[in-house]
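I have placed the structure first, in the form of structure tokens, so that the comments after it can refer back to it.
The values are calculated or read from the model by the stated rules, or taken from the named source; none is laboratory data. In this text the structure is predicted, and so the values were computed from the model without any measurement. Here Cβ is always computed from backbone atoms with ideal geometry, including for glycine, and neighbour counts include all displayed protein chains.
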Amino acid sequence: MSTRGGKRKGAGRPKGSNQYGEPTRPVRIPQSQVERVLRFVQGKEYALPLYASGVSAGFPSPADDYLEGALDLNAHLVREPTATFFVRARGDSMIDAGIHDGDLLVVDRSVEATDGKVVIVSVNGELTVKRLHRAKGKSWLLPENPDYPPIALNEQDETHLWGVVTNVIHPL
């Protein structure tokens, strides 16, 4: 009788000894989707409580003890995970748009960069965050601080659109 291969009594990890405390089963996942599945499974670990009642920014109101459910920030901040990245803002050229030095910007490459969107653009090798303005066949990158001039985009400029800013995260 062979002592190699096959099922052996007492072999393997005890059932339910994993991080989820329950039995697991093998699943075949296409190689291209492994990272996405892992992000999904691990992301559920970070779902935080969301209360159903809003918080008054004016006069105080009685608080409800009703818990609406769990809040997964990825579900609210990231529309297209494979096209989304994060970058830190530097400087104060977009202060009037609510973007402060050190803020975390959520950038989506799949969103169309239309007139009025806040975008991340590389201009002649330097990254900048500005509001895109298109009119009469011309394009400008507009700051949201009167101390900074608009940037006219010319044909001789080497420009590359990195994506559209969809959310800004900054500490109080």
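In segment 103-110 there is no residue that is at pLDDT 95 or above and among the hydrophobic types (A, V, I, L, M, F, W, C).
Restricting PRO60, PRO26, PRO49 to residues that are outside the structural domain of THR128 (by TED's automatic domain parsing), at pLDDT 80 or above and not charged (D, E, K, R) narrows the list to PRO26.
I need a count of the residues in segment 118-145 that are closer than 13 Å to ALA97 by Cα and touching a residue at least 24 places away in the same chain (Cβ under 8 Å). I'd like the intermediate steps shown before the answer.
As a first pass, look at segment 118-145 and keep what is closer than 13 Å to ALA97 by Cα: 118-119, 129-132, 142-145.
Checking which are touching a residue at least 24 places away in the same chain (Cβ under 8 Å) leaves us with 118-119, 129-131, 143-145.
The total comes to 8.
Taking segment 113-142 on its own, how many of its residues are of a type in the set (A, V, I, L, M) and surrounded by fewer than 19 Cβ atoms within 10 Å (Cβ to Cβ)?
Just the residues of segment 113-142 that are of a type in the set (A, V, I, L, M), to begin with: 113, 118-121, 123, 127, 129, 132, 135, 141-142.
Imposing the further condition that a residue be surrounded by fewer than 19 Cβ atoms within 10 Å (Cβ to Cβ) reduces the set to 113, 123, 127, 135, 142.
Number of matching residues: 5.
In segment 150-162, the residues that are closer than 17 Å to ALA135 by Cβ and without any contact (Cβ under 8 Å) to a residue 24 or more places away in the chain reach residues that are among the hydroxyl-bearing types (Ser, Thr, Tyr) and in a strand (DSSP E or B) with C-beta atoms within less than 8 angstrom, at least six apart or across chains, in these pairs: ALA152/SER139.
If you take the residues of segment 101-112 that are of a type in the set (D, E, K, R) and free of Cβ contacts under 8 Å to residues at least 60 places away in the same chain, which of them is surrounded by the most Cβ atoms within 10 Å (Cβ to Cβ)? Looking at residues that are of a type in the set (D, E, K, R) and free of Cβ contacts under 8 Å to residues at least 60 places away in the same chain, I get ASP108.
The single condition among (1) at pLDDT below 95; (2) outside the structural domain of GLU35 (by TED's automatic domain parsing); (3) within 16 Å of the chain's Cα centre (by Cα) that VAL118 does not meet is (1).
Can you find a residue in segment 140-154 that is among the aliphatic types (A, V, I, L, M) and closer than 30 Å to LEU38 by Cα? Among the residues of segment 140-154, not one is among the aliphatic types (A, V, I, L, M) and closer than 30 Å to LEU38 by Cα, which makes the answer no.
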